[in-house]
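Chemist: Could you have a look at this structure, given as structure tokens, before my questions?
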């Protein structure tokens, strides 16, 4: 929080985009989570739109100074490797160290090295902790397996799917890889069953949650108990479709403010779902923890020819403080949609509330819906505001 006002002031002064977005904001007053929650969200769609509309300003005016390199993600969306952010601009070194990778070791990097920054992200982190890298990239699995056999790396950094393919191919060829003992995996889901599969083959795999825009957000430690949030970012969990912070434990959208001087994203909405875990990690790290990736927050459904978005359900909850959680359930056959608004109440239903909720839902969505009041604890804590059962 001590760094936050300085970062807001830096963004206002150095980023043309944030000079507009945060015009009139008193940066010195943004020194708490409550104050941060009053600032507007920035979404990927906002970055893409700015890059398209403001080509005279590099990266839409969000980046500061000349980046070291610029990468591309689908969309297209362009992301910088900020030159001002030192040897490890995405801060991946911390996740690699938590996964057991050490100075003097060699890591086989199984991420792409062209267009997208994932390979460069891992390589920068390895360099920061004094480890070497073999840029394996994706594909060419026969050549990659040959490199694993010849170079005998102690670690792997890449997608879990490629690591599984390489380990399977090694077994098919009658090879063993006893020196490969650590892995930092990202970019895909790595469920506990797959972590156990790697462990059976002698590889302790740890996950990290990172994006091309923000770098490292959170990482797994030896405690295997949630993901510890990186010290270079501030994470909020907000109600999907809004910027309203949720209490710890509630599933919502991950919103991140980065302390990067070269790419000072303020309240960047990732579109991912997660929740804050109570307490500190048993490994001894004291920062906030996340439950991990729990799905996507950008929910929508087409009902009777109309698109309904999570933001509309979030607005309904905001207008009715009696409602704790709400979920719009769409069911029925094609062209016979049935829409039910399930609302979990803080207390018993007050007179006229059902009718008021029906009217608000109609005002927001232009649809006639039924309302089902539910007692506290009835709806699952999974961040879903729209459930399409058709």
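Values quoted throughout were computed directly from the atomic coordinates according to the rules given, and no laboratory measurement underlies them. Owing to the predicted nature of the structure, the values given are computational and were not obtained by experimental measurement. Every residue, glycine as well, gets a Cβ built from its backbone with ideal geometry; the counts of neighbours run over all protein chains shown.
Chemist: Which FRET efficiency value, to the nearest 0.05, is calculated for residue 224 and residue 296 with the Förster distance at 22 angstrom and r the Cβ-Cβ distance? Kindly include the intermediate steps, with their values, before the conclusion.
Modeler: On the way: r = 24 Å, r/R0 = 1.11.
For residue 224 and residue 296, the calculated efficiency is 0.35.
Chemist: What nm value, rounded to one decimal, do you get for the distance between residue 331 and residue 370 when each label is placed 7 Å out toward the C-beta?
Modeler: Between residue 331 and residue 370, the label points sit 0.8 nm apart.
Chemist: Right, here's the next one. How many angstrom separate the Cα center of region 15-68 from the Cα center of region 140-181?
Modeler: If you average the Cα positions of each part, the centres end up 42 Å apart.
Chemist: Also: State the antiparallel share, in %, of DSSP beta bridges confined to the chain, rounding to the nearest 5.
Modeler: Among the beta bridges of the chain, antiparallel pairing accounts for roughly 60 percent.
Chemist: Using only C-alpha atoms and all pairs of different ones, pull out the Kirkwood radius for the chain in Å with one decimal. Present the calculation step by step, with values, prior to reporting the outcome.
Modeler: Values: mean 1/r = 0.0438 Å⁻¹.
In the chain this quantity evaluates to 22.8 Å.
Chemist: Here is a follow-up. At each listed q (0.24 Å⁻¹), what is the log10 of I(q)/I(0) that the Debye formula gives for region 105-221 modelled as equal alpha-carbon point scatterers?
Modeler: For region 105-221 at q = 0.24 Å⁻¹, log10 I(q)/I(0) is -1.62.
Chemist: Would you calculate a helix-derived [θ] at 222 nm for the chain, using -39,500 (n - 2.57) for each DSSP H run of n ≥ 4 and dividing by the full residue count, to the nearest 500?
Modeler: Values: 11 runs with 104 residues, N = 390.
Mean residue ellipticity, 222 nm, calculated: -7500 deg cm²/dmol.
Chemist: Which value results when the Cα radius of gyration for region 20-77 is divided by 2.2 N^0.38 Å?
Modeler: 1.36
Chemist: Given the C-alpha centroids of region 320-390 and region 214-250, what is the distance between them in whole angstrom?
Modeler: 28
Chemist: Can you quote the Å³ per residue value for the convex hull of the Cα atoms in region 117-167, rounded to an integer?
Modeler: Details: hull volume 3.8 nm³, N = 51.
It comes to 75 Å³ per residue, whole-number rounded.
Chemist: Does anyone have the angle between helix 141-151 and the longest principal axis of the chain? Alpha-carbon axes, 0 to 90°, nearest 10?
Modeler: Between the helix axis and the principal axis of the chain, the angle is about 50 degrees.
Chemist: Using the scaling law 2.2 N^0.38 Å as the reference, what is the normalised Cα Rg of region 300-388?
Modeler: Details: Rg = 12.2 Å, N = 89, 2.2 N^0.38 = 12.1 Å.
Relative to the 2.2 N^0.38 Å estimate, region 300-388 comes out at 1.01.
Chemist: Fewest Cβ neighbours within 10 Å first, please rank 198, 307, 62 accordingly.
Modeler: 307, 198, 62
Chemist: Next up: Rounded to two decimals, what is the ratio between the C-alpha radius of gyration of region 234-390 and 2.2 N^0.38 Å?
Modeler: Here the Cα radius of gyration is 1.15 times the empirical estimate.
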